[in-house]
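Asker: Please find one structure pasted underneath; my questions will follow.
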Amino acid sequence: MNASTRSGLDIGSGTLRPCSHPPGARGQGIGHVRALSAALAAALVACLLILAGPARAQDHAALVQRFATESFNDIVGAVNGLATSGAPRAAPIIEALRDGRLVYRASDRAVFIRRPDNSFVSALSGEPAAEIGTTRPVRLNNNVRRAIDAAVGALSLLHPDPARRASAAEAVFKSRDGSALPALEAAIGQERDPRIKKLMEEARAAVVVANPQAAEADRIAAIGIIQRRGDQDALAMLGSLPATTPPLVREAAESAAVGIRRTLAVWEAGQNVWHGISLGSVLLLAAIGLAITFGVMGVINMAHGEMVMIGAYTTFVVQQTIRVLAPGLMDVSLFIALPMAFLVAGAIGIAIERLIIRHLYGRPLETLLATWGVSLVLQQAVRTWFGPTNREVTTPSWMSGSIEIGHLAITANRLAIIIFAIIVFATLLLFLKRTPFGLQTRAVTQNRRMAGAMGIRTNWVDAFTFGLGSGIAGLAGVALSQIDNVSPNLGQAYIIDSFMVVVFGGVGNLWGTLVAAMTLGIANKFLEPYAGAVLGKILLLVFIILFIQKRPRGLFALKGRAVE
Amino acid sequence: MLIDPMETQLPADPVKAIERPQVVTQSLLYLDGVSVSFDGFRAINNLSLIIAPGEMRAIIGPNGAGKTTMMDIITGKTKPDAGDVIFDGQIDLTQLDETAIANLGIGRKFQKPTVFEMHTVEVNIEMAVKADRTVFGTLFSRQSAAIGRRVDDILGIVRLGDHRNRLAGDLSHGQKQWLEIGMLLAQDPKLLLVDEPAAGMTDVETGATADLLKDIARTHSVVVVEHDMGFIRELGVKVTCLHEGSVLAEGSLDQVSADERVIEVYLGR
Amino acid sequence: MMLTRFLFERIDRGGWVFLVLLGIAAVLVPVLNLAVPPGSMFHVSNTAVGLWGKYMTYALLAIAVDLVWGYCGILSLGHGAFFALGGYAMGMYLMLQIGPRGVYAHPTLPDFMVFLNWTELPVAWWGFSSFPYAMLMVALVPGLLAFVFGWFAFRSRVTGVYLSIITQALTYALMLAFFRNDMGFGGNNGLTDFKDILGFNIQSQTTRAVLFSLSVLALMAGYLVARAIVTSKAGKIIIAIRDAEPRTRFLGYRVENFKLFVWTVSAVMAGIAGALYVPQVGIINPSEFSPANSIEAIVWVAVGGRGTLVGAALGAGLVNFAKSWFTGAFPQGWLFALGGLFILVTLFLPKGILGTFTDWWKRRGETRKPPTASPASQPAE
Ligand SMILES: Nc1ncnc2c1ncn2[C@@H]1O[C@H](COP(=O)(O)OP(=O)(O)OP(=O)(O)O)[C@@H](O)[C@H]1O
Ligand SMILES: [Mg+2]
């Protein structure tokens, strides 16, 4: 109550400061608009409060005066009083006390703060004091220190920085310290951020639940608030009630805990699905190019992983160039890298097709071996050029950070990769279905000779289809450079997974690839907590090996004579 | 090359096999109400056909009528969606795979001649000759004089004696046809399914093939698919005309070729 | 009697040359190594004995790969797994021979188990202190794995590249598994620091020379077994399966059984090769399972000539000799060379060195003889 009054006085005295501006804090960090609106709202409240119970600056003077004593008990009283007073200079005074820099003048018991440079300022006004004569420090003992700690917590509840307020509320939630209650009430009264207000109310609820003196009905109502919070901390709080708690309260706590566990399980499943989708997107990106070369053309390209790697190295080179030529473009570097990677990997793919694979059509096993050879050469070439160690690729600022939805943490880079995977997939699908090139590709893959007879240049269709698959692998490389080490071995890490995805999904079917990638991604994330990452992966491999026995052509198999 | 699991799965559901009414027939091969579709396309539609022991039957019909698919079903390559395929009175062929069916005594010559190209003509025949077909049996088998004589006989019959040491892959198309017929003979099956044996042969060779088949038919049951009407006439046996997966007409060649619908869809006016 | 008949009827000229040369090497190399003083120009150095011994085991692996790939058309990208499993079985025996001489001087447990605070031998290790048991496992473990894997795969008719890919997945999964410490096979570091084998010091030159000779003998035996298989009637059927699998089926042969047979035999051979490899190199670790190793074995066979057993062995020797030379002379260049080899051999030398040579020889000898057809398969309709 005092705090609100105080801010009202601030407005009244004409200093335009944020309403919840606690003593001594540097509130300039907050945006003006927000400060203004908060101040206006506070002024409104203040007007009412001034009528109800005026508090004056003199009160604060008296409070501060109370530090000028030798009695520890009085000092503790002064700390508590100041902390809940909402006095603007409470924080610097208490901090000074904690550091042993609070002193009072022997002559008139005026209280000063000694600054690190040994100059003094008035504790009350914060104005420099020139000549102060002999001073005595305000004394500290453990009781005082404890009071200070509580006071600091209480003061943080009023801190202008919302993050500080939030963490202070969280601290109270965890400590469930009854002494913080008055400060908490005060803070709730003037909190404007609904998110923080909610945290504070939860903290208050925690204090009430933990307080054996509180009325049972209040405690049960508080349990309801905690259940609504519904996270691990809430669960811990409900589980920590002492055995002496009245049975009714205990029962309420237990049923609330059950409810929380249930919702948490759902959220956890949601989080797993989310992680699974993001892993699935990575798999999809890595595999989709393979789905074209293997699925559509029937070519086993063991160098596919190296196309991904080349995409990642292209990103590195692009960023390196930008760093030198136009550092300001760093945030859009990925958008420059994408077409570059597509072109570079695609061109290498076309070269491989023209020089090697073209001679091996209809001999899949030989193709497999030759392209494995290509992959060795490419790896070694990159190793020789760029060195064997990891290369650093910068993550643009818009790809870092995260948002929270309920108990779901959604990181920007995962989100970006998922969106990117969807775009690539959709574009590719449209491209193959709707463009003349796509039609020609399908014609050639279904009946090469007939397509040739109809005037389709099968050679070029082959080369461009392979180039397309490789180019998409290059795009995948750009995305993977953001989440994986850019090293010559990057591709090797993905090739087996990619093959698993394509084979699992069914060859020649992009939708199958999508479903397979997502299924494997999600399954992996659900297995991980139980089996660990490595064992989970082994289990999936074994699963696919068994699955192929049952359905040798994958989930979405083409049927009929054409495939034999 | 992969085989579609849909086409090759072994009986997955034994209960179903038992529930099925036991069909016992006097015929060697009995197809009743057989249907199969590929991705919605009905290649065989409620087909019924009976081959008596010792009978030779000619099958005709336009391209895509389902003649080859019918053979696929009999030999276990394709599993029918519905219907019974009974061999030798009581053996349900739909429950068996290709190997088992071959070992029951059903031999097949493919429409496109298929021989072992990296083996010599002689070895091709030798592998087909009826003998122990297990792994260990073949692993420790010795060249027996009896088998050698049989190979010689067959090479004589199909007139490939001079080519016995050539690789099968080097033979001409017609020679491969003959070789495949020879392999079929060597198997000594109860029922021979011969898909377009005269395709790509000269008139003289076609005649010789017809003679050979007639000869074989004296001791075996034979089903021949052919488009060559002269060849069919020479065989002089009962003819079945298939169309869109089912029987359009059946009877002597004259009867069938007088049938309005057969003329409509196949022979032309 | 049977054997002499076999030797004279079924081994061709190349095979005889191969066997005789190996026989000479088995005797001569140890003699030149042990009896001829190091200064002499006829002396074979210790390193050479070790290196060549290793090549012999690789050659045996190559014959195993050739048996399934060259003759049966199954391109296994996972034969390294069988090799490594045989190696691990041998390694486990050797580990238990260390006894209390380990760093931690534990009377029974290998060092890495003491390090992991294990108190007793895991079940998988029981019996491995017995040499006969370990040797049984050398054959049984790869054989059993191959049998089970093949039984499922061949019955479901998984063929071609699909089979290749799942064999690769198999060895990859095993690699991941063996990297785990709690699998109980030494994790990352694998098994090493062996002391002796059957009571003989594994470091001593005599033991090493004997191991060399044993490897040569195993290679000869492997060759003979493989040769016996491919020249039998079963061998003809196996080749028939490679060229026209459905046709073989319609002749009444159980294709899956034939495949399973060669596949399992081949895996056992690979396991034996691995078991001989480990005491000579002194270590086995999970990287032996890496898919790259298996594919490298394929290139040996491709270089030497698939479908020719001698060629496969030759290829293993040549490629590995080149590898040793390259890694000494231009360490950077080896992967370029190996990659290039894959490409060039598949493009320009599909029959490998020996196959191409034999063709040329035949054509030179009797021009009347028809040229051989390519092994392209003619699928049955
Ligand atoms: N495995 C399959 N998948 C898809 N369609 C098939 C398959 N097998 C057969 N068909 C279709 O079934 C129909 C019948 O084919 P089938 O080969 O039996 O004809 P046919 O009577 O032998 O013709 P032809 O005289 O040209 O040899 C054709 O339309 C063919 O495309
Ligand atoms: Mg047909």
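Asker: How do the pairs read when you match residues in the range B:116-143 that are at pLDDT below 95 with residues anywhere that are of a type in the set (S, T, Y), using Cβ under 6 Å and keeping only pairs 6 or more apart or on different chains?
Answerer: Every condition considered, the pairs that remain are B:R133/C:Y253; B:L139/C:S232.
Asker: Here is a follow-up. Scanning the range C:329-343 for residues that are facing another protein chain (nearest Cβ under 8 Å) and more than 18 Å from C:N293 (Cβ to Cβ), which turns out modelled with the lowest pLDDT?
Answerer: C:Q332
Asker: Additional query: All but one of (1) within 13 Å of another protein chain (Cβ to nearest Cβ); (2) farther than 30 Å from B:A100 by Cβ; (3) within 16 Å of ligand 1 (Cβ to nearest atom) hold for B:H243; state the number of the condition that does not hold.
Answerer: (1) is the only condition that B:H243 fails.
Asker: In addition: Any residue in the range A:358-375 that is out of contact with any Cys (no Cβ under 9 Å at 6 or more places or on another chain), surrounded by fewer than 22 Cβ atoms within 10 Å (Cβ to Cβ) and among the β-branched types (V, I, T)?
Answerer: No: zero hits.
Asker: Are any residues in the range B:173-185 more than 13 Å from C:F250 (Cβ to Cβ) and not polar (S, T, N, Q), and if so, which ones?
Answerer: Narrowing the range B:173-185 to residues more than 13 Å from C:F250 (Cβ to Cβ): B:173-179, B:181-182, B:185.
Matches in the range B:173-185: B:H173, B:G174, B:K176, B:W178, B:L179, B:I181, B:G182, B:L185.
Quick grid of which residues meet (1) part of a helix (DSSP H, G or I); (2) more than 14 Å from chain C (Cβ to nearest Cβ); (3) closer than 27 Å to C:T167 by Cα; (4) acidic (D, E):
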| residue | (1), (2), (3), (4) |
| --- | --- |
| A:A443 | yes, yes, no, no |
| A:L468 | yes, yes, no, no |
| A:I472 | yes, yes, yes, no |
| A:V478 | yes, yes, no, no |
| A:G491 | yes, no, yes, no |
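Asker: Now a separate question. Looking at (1) assigned to a loop (DSSP other than H, G, I, E, B); (2) surrounded by fewer than 21 Cβ atoms within 10 Å (Cβ to Cβ), which one does B:P80 not meet, given that it meets all the others?
Answerer: Of everything listed in (1) assigned to a loop (DSSP other than H, G, I, E, B); (2) surrounded by fewer than 21 Cβ atoms within 10 Å (Cβ to Cβ), B:P80 misses just condition (2).
Asker: Answer yes or no as to whether A:E254 is more than 30 Å from A:L468 (Cβ to Cβ), touching a Leu at 6+ places or on another chain (Cβ under 9 Å) and without any contact (Cβ under 8 Å) to a residue 24 or more places away in the chain.
Answerer: Numbers: more than 30 Å from A:L468 (Cβ to Cβ): yes; touching a Leu at 6+ places or on another chain (Cβ under 9 Å): yes; without any contact (Cβ under 8 Å) to a residue 24 or more places away in the chain: yes.
When the stated conditions are applied, A:E254 passes them.
Asker: Can you tell me which of A:G289, A:G298 is within 30 Å of A:Y361 (Cβ to Cβ), modelled with pLDDT of 85 or more and more than 27 Å from the chain's Cα centre (by Cα)? Working first, answer last.
Answerer: Details: A:G298 fails: modelled with pLDDT of 85 or more.
Checking each option against the conditions leaves just A:G289.
Asker: For C:T167, are the conditions met, namely being within 14 Å of chain A (Cβ to nearest Cβ) and buried (at least 24 other Cβ atoms within 10 Å of the Cβ)? So that I can check it myself, show each step before the final result.
Answerer: Numbers: within 14 Å of chain A (Cβ to nearest Cβ): yes; buried (at least 24 other Cβ atoms within 10 Å of the Cβ): yes.
Spelling it out, C:T167 is indeed within 14 Å of chain A (Cβ to nearest Cβ) and buried (at least 24 other Cβ atoms within 10 Å of the Cβ).
Asker: Among the residues of the range B:197-225 satisfying the criterion of being more than 16 Å from ligand 1 (Cβ to nearest atom) and buried (at least 22 other Cβ atoms within 10 Å of the Cβ), which is farthest from the other protein chains (Cβ to nearest Cβ)?
Answerer: Among those that are more than 16 Å from ligand 1 (Cβ to nearest atom) and buried (at least 22 other Cβ atoms within 10 Å of the Cβ), it is B:A210.
Asker: Additional query: Within the range B:114-201, which helices (runs of 4 or more DSSP H) (wholly inside it) include 1 or more residues that are within 16 Å of ligand 2 (Cβ to nearest atom) and at negative phi?
Answerer: On the way: elements: B:121-128, B:135-139, B:145-157, B:173-187.
The qualifying helices (runs of 4 or more DSSP H) are B:173-187.
Asker: Determine whether the range A:361-372 contains at least one residue that is farther than 27 Å from C:D243 by Cα and modelled with pLDDT of 90 or more.
Answerer: Taking the range A:361-372 as the starting set, the residues that turn out to be farther than 27 Å from C:D243 by Cα are none.
No, the range A:361-372 contains no residue that is farther than 27 Å from C:D243 by Cα and modelled with pLDDT of 90 or more.
Asker: Write out, first by first residue and then by second, each pair whose Cβ atoms fall under 8 Å of each other, whose residues are 6+ apart or on separate chains, and whose first residue, in the range B:63-75, is farther than 13 Å from B:V36 by Cα while the second is more than 8 Å from ligand 1 (Cβ to nearest atom) and of a type outside the set (A, V, I, L, M).
Answerer: B:T75/B:E98; B:T75/B:R108; B:T75/C:F250
Asker: Hey, another quick one. Take the residues of the range C:156-187 that are small (G, A, S) and outside any helix (DSSP H, G or I): which is farthest from C:A89 (Cα to Cα)?
Answerer: Keep residues of the range C:156-187 that are small (G, A, S), which gives C:156, C:160, C:164, C:169, C:173, C:177, C:184, C:186-187.
Of the ones still in play, those that are also outside any helix (DSSP H, G or I) are C:156, C:184, C:186.
Numbers: C:S156: 30, C:G184: 13, C:G186: 13 Å.
Per the criteria, the residue is C:S156.
Asker: Would you check which residues across the range B:103-115 are facing chain C (nearest Cβ under 7 Å) and either farther than 14 Å from B:L185 by Cβ or at pLDDT below 90 (or both) and list them?
Answerer: Here is the first cut: in the range B:103-115, the residues facing chain C (nearest Cβ under 7 Å) are B:103, B:108, B:110-112, B:114.
Across the range B:103-115, the qualifying residues are B:N103, B:F110, B:Q111, B:K112, B:T114.
Asker: Given the range C:221-282, what helices (runs of 4 or more DSSP H) lie entirely inside it while holding 2 or more residues that are among the charged types (D, E, K, R), within 24 Å of C:L61 (Cβ to Cβ) and within 14 Å of another protein chain (Cβ to nearest Cβ)? Break it down stepwise before answering.
Answerer: Details: elements: C:233-243, C:245-250, C:255-281.
Correct list: empty, since no element meets the threshold.
Asker: Considering each of B:L49, B:L104 in turn, give the residue that is touching a residue at least 40 places away in the same chain (Cβ under 8 Å), more than 14 Å from ligand 2 (Cβ to nearest atom), within 15 Å of the chain's Cα centre (by Cα) and over 19 Å from B:V225 (Cβ atoms). So that I can check it myself, show each step before the final result.
Answerer: Details: B:L49 fails: over 19 Å from B:V225 (Cβ atoms).
Exactly one residue qualifies, and that residue is B:L104.
Asker: While we're here: Assuming A:E306 fulfils every condition listed in (1) surrounded by 15 or more Cβ atoms within 10 Å (Cβ to Cβ); (2) more than 14 Å from chain C (Cβ to nearest Cβ) apart from one, which condition is it?
Answerer: Every listed condition holds for A:E306 apart from (2).
Asker: Does the range C:307-314 include one or more residues that are surrounded by 21 or more Cβ atoms within 10 Å (Cβ to Cβ), in a loop (DSSP other than H, G, I, E, B) and within 11 Å of another protein chain (Cβ to nearest Cβ)? Write out each step before concluding.
Answerer: The initial filter retains those residues of the range C:307-314 that are surrounded by 21 or more Cβ atoms within 10 Å (Cβ to Cβ), namely C:307-314.
Among the residues that remain, those that are also in a loop (DSSP other than H, G, I, E, B) are: C:307-308.
Next, only the ones that are within 11 Å of another protein chain (Cβ to nearest Cβ) stay: C:307.
Yes, the range C:307-314 has at least one match.
Asker: Scan the range B:77-97 for residues that are of a type in the set (D, E, K, R) and free of Cβ contacts under 8 Å to residues at least 60 places away in the same chain and jot them down.
Answerer: Our first condition is that a residue be of a type in the set (D, E, K, R); within the range B:77-97, this holds for B:77, B:79, B:81, B:84, B:88, B:92, B:97.
Correct list: B:D81 only.
Asker: State all residues of the range B:67-86 that are within 11 Å of chain C (Cβ to nearest Cβ) and more than 16 Å from ligand 2 (Cβ to nearest atom); if no residue qualifies, say none.
Answerer: Hit for the range B:67-86 is B:G76, nothing else.
Asker: Kindly indicate which of C:G53, C:G86, C:G73, C:G80 is touching a Pro at 6+ places or on another chain (Cβ under 7 Å) and buried (at least 20 other Cβ atoms within 10 Å of the Cβ).
Answerer: Details: C:G53 fails: touching a Pro at 6+ places or on another chain (Cβ under 7 Å); C:G73 fails: touching a Pro at 6+ places or on another chain (Cβ under 7 Å); C:G80 fails: touching a Pro at 6+ places or on another chain (Cβ under 7 Å).
None of the others qualify; the one that does is C:G86.
Asker: Hey, another quick one. Only residues in the range C:299-315 that are under 14 Å from C:T356 (Cβ atoms) count as the first member; pair them with residues that are part of a loop (DSSP other than H, G, I, E, B) and at pLDDT below 95, Cβ under 6 angstrom, at least 6 apart or cross-chain, and list the lot.
Answerer: If the second residue must be part of a loop (DSSP other than H, G, I, E, B) and at pLDDT below 95, the pairs left are C:G305/C:K351; C:G311/C:G305.
Asker: Output yes when any residue across the range A:520-529 is away from chain C (no Cβ under 11 Å), free of Cβ contacts under 8 Å to residues at least 60 places away in the same chain and part of a loop (DSSP other than H, G, I, E, B), and no when none is.
Answerer: Within the range A:520-529, none of the residues are away from chain C (no Cβ under 11 Å), free of Cβ contacts under 8 Å to residues at least 60 places away in the same chain and part of a loop (DSSP other than H, G, I, E, B).
Asker: Look through B:G89, B:G64, B:G40 and report the one residue that is within 13 Å of ligand 2 (Cβ to nearest atom) and at pLDDT below 90. Working first, answer last.
Answerer: Details: B:G89 fails: within 13 Å of ligand 2 (Cβ to nearest atom); B:G40 fails: within 13 Å of ligand 2 (Cβ to nearest atom).
The unique qualifying residue is B:G64.
Asker: Given (1) more than 14 Å from chain C (Cβ to nearest Cβ); (2) within 26 Å of the chain's Cα centre (by Cα), where does A:F556 come up short, assuming only one miss?
Answerer: (2)
Asker: Within the range B:48-78, track down each residue that is more than 8 Å from ligand 1 (Cβ to nearest atom) and within 16 Å of B:L253 (Cα to Cα).
Answerer: B:E55, B:M56, B:R57, B:A58, B:I59, B:I60
The values are calculated or read from the model by the stated rules, or taken from the named source; none is laboratory data. Source: prediction; values computed, not measured. Cβ: placed from backbone, ideal geometry, glycine included. Neighbour counts: every protein chain shown.
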